[in-house]
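A.B. asks: Sending over a structure as structure tokens; questions will come in a sec.
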Amino acid sequence: MIKVWQSFSCNNSAAYRLVARFPDAAVAAEVAAELDEFLVAQERVGGYGRRSGALATLARTYGDPDWLDNSSGELGVFAQDATLVVYHTMCLGLGPGPAAFLEDRGGTPERASAADLQLSVLFRVDPTGERDDEIATLFAALVDGSLKKTPWARFAPANVVWFRDPKTIGLCLPIQASGVVAFKAWLGIEDAVYRIDQHDDRDLFSALAAARCTSCNRKLGYLDPRLYDIETPQLMCGCGGLYELSTFYSP
């Protein structure tokens, strides 16, 4: 007996993002500003006119006229240090156009994905501690699952990693590309160091959360070259103990 059946499926739109690495922060910022000019110009066109707008011209130049298809969501771009992110909040994929544009300007684009970005943040502990307490309370609630909504997004992220010690606070969380600006505004710490899709930070922060002095069992203070004028990461304790990072963490 032979059975034949027919099934149907649909393509679901999603938020897509593309990450590209540049030689330095200045180049990434320049390219982001250039691409943003096209996006602003395209916004002014709107509707059916999007096929003749500035971004449409850019898409055709890079052999990807479908770049604008399913464009009911937000198309945006931002740079964080030497990393640039292009994102669309509702589409079927970004296509080859954005990657070709970024590569042409000296970037190294990674594969476009519908997955969230992994955002890691490092900043020094505030001597007053009030803001630090608020941040620590919120992230502790994210870890134990008691928080369902955050100040920067409608839904609370899962798989959050964070640590707080006498010197530094580190946060690592999944986040949609379109929410990065809102998160930075909520955090409100000007000298915080951000990294995007640097997955080694997740393992590092997990190790730092558990690091204790072998003499007095107190929480160790973490000194990172990204925040302090040192060449290599160090861990120190109030009792005078000094440790190499490799004592607790090996990448």
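None of the figures in this text is laboratory data; all of them are computed from the coordinates on show. Just so you know, these numbers come straight off a predicted model, no measurement behind them. No Cβ is skipped: glycine too gets one built from the backbone with ideal geometry, and neighbour counts run over all protein chains shown.
A.B. asks: Under the Karplus relation 6.51 cos²θ - 1.76 cosθ + 1.60, θ = phi - 60°, what is the ordered set of whole-Hz ³J(HN,Hα) values for region 142-149, x standing for Gly and Pro?
C.D. replies: Each residue's phi maps through the Karplus curve to give 5, 5, 7, x, 7, 9, 9, 9 Hz.
A.B. asks: Now a separate question. With the contact rule set at Cα under 8 Å and sequence spacing of 6 or more, what percent relative contact order holds for the chain? Please report the intermediate quantities before stating the final value.
C.D. replies: On the way: 426 pairs, mean separation 44.3, N = 251.
Contact order relative to length: 18 percent.
A.B. asks: Further question: Let me know the charge dipole size of region 133-192 about its Cα centre in debye, to the nearest 20, where only the beta-carbon of Lys, Arg (+1) and Asp, Glu (-1) is charged. Walk me through the intermediate numbers first.
C.D. replies: Details: 6 positive and 6 negative charges, 56 e Å.
Its charge dipole is roughly 260 debye.
A.B. asks: Further question on the same structure: Report the FRET efficiency, 1/(1 + (r/R0)^6), for residue 154 and residue 230, where r is their Cβ-Cβ distance and R0 is 35 Å, rounded to 0.05. Can you show the working numbers first?
C.D. replies: Details: r = 40 Å, r/R0 = 1.14.
Given R0 = 35 Å and the Cβ-Cβ separation, E is 0.30.
A.B. asks: Further question on the same structure: In what sequence, highest mean first, do 106-117, 136-147, 89-100 appear when ranked by Cβ atoms within 10 angstrom?
C.D. replies: Values: 106-117: 16.0, 136-147: 14.4, 89-100: 19.5.
Taking the mean over residues of other Cβ atoms within 10 Å, the ranking is 89-100, 106-117, 136-147.
A.B. asks: Also, I was wondering about something else. With a/c under 1.5 counting as rounded, go ahead and sort region 87-157 into rounded, prolate or oblate using the C-alpha gyration tensor (a ≥ b ≥ c being the square roots of the eigenvalues; past the cut-off, prolate if a/b is larger than b/c, else oblate).
C.D. replies: Numbers: a/c = 3.98, a/b = 1.93, b/c = 2.06.
Judged from the Cα gyration tensor, region 87-157 comes out oblate (a/c at least 1.5, b/c at or above a/b).
A.B. asks: Determine ³J(HN,Hα), in whole Hz, for all residues of region 181-186 in sequence, where each value follows from phi through the Karplus function 6.51 cos²θ - 1.76 cosθ + 1.60 and θ = phi - 60°; x replaces Gly and Pro.
C.D. replies: Each residue's phi maps through the Karplus curve to give 4, 5, 5, 5, 5, 5 Hz.
A.B. asks: Which net charge results for the neighbourhood of residue 226, defined as the other residues with beta-carbon distances under 14 angstrom from its beta-carbon, given Lys and Arg at +1 and Asp and Glu at -1?
C.D. replies: Values: positive: 124, 167, 195; negative: 81, 191, 200, 201, 224, 229, 231.
Here the count lands on -4.
A.B. asks: Moving on to the next point. Sum up the charges of everything whose Cβ sits under 13 Å from the Cβ of residue 139, counting Lys and Arg as +1 and Asp and Glu as -1, but leave residue 139 out. Don't jump to the answer; show the numbers that get you there.
C.D. replies: Values: positive: 131, 164; negative: 132, 133, 134, 144.
Residues near residue 139 contribute -2 overall.
A.B. asks: I've got another one for you. Compute, for the chain, the length of the dipole vector about the Cα centre, with Cβ point charges of +1 (Lys, Arg) and -1 (Asp, Glu) only. Units Debye, rounded to 20.
C.D. replies: On the way: 23 positive and 32 negative charges, 181 e Å.
Magnitude of the dipole: close to 860 debye.
A.B. asks: To continue, here is another question. Let me check the size of region 107-225 from its C-alpha atoms; what are the radius of gyration and Dmax in Å?
C.D. replies: Considering region 107-225 through its Cα atoms, Rg and Dmax are 14.8, 48 Å.
A.B. asks: Please compute the net charge surrounding residue 166, taking Lys and Arg as +1 and Asp and Glu as -1 over other residues with Cβ under 13 Å from its Cβ. Intermediate values should be presented prior to the final figure.
C.D. replies: Working: positive: 124, 164, 167, 212, 218, 219; negative: 126, 132, 165.
Counting the neighbours of residue 166, the net charge comes to +3.
A.B. asks: Taking all pairs of distinct Cα atoms, average 1/r, flip it, and tell me the Kirkwood hydrodynamic radius of the chain in Å to one decimal place. Could you put the intermediate results ahead of the total?
C.D. replies: Working: mean 1/r = 0.0487 Å⁻¹.
For the chain, inverting the mean 1/r across all distinct Cα pairs yields 20.5 Å.
A.B. asks: A further question follows. With a point put 7 Å past each Cα toward its Cβ, work out how far residue 215 is from residue 27 in nm, to one decimal.
C.D. replies: 4.7 nm
A.B. asks: Taking amide H positions as placed 1.01 Å from N in the peptide plane, with prolines and chain starts having none, which residues 5 or more places from residue 156, or on another chain, fall under 5 Å of its amide H?
C.D. replies: Under 5 Å from the amide H of residue 156: 149, 150.
A.B. asks: Just grab the label-to-label distance for residue 92 and residue 113, each label 7 Å out from Cα along the Cβ direction, in nm (one decimal).
C.D. replies: According to this spin-label approximation, the distance is 2.3 nm.
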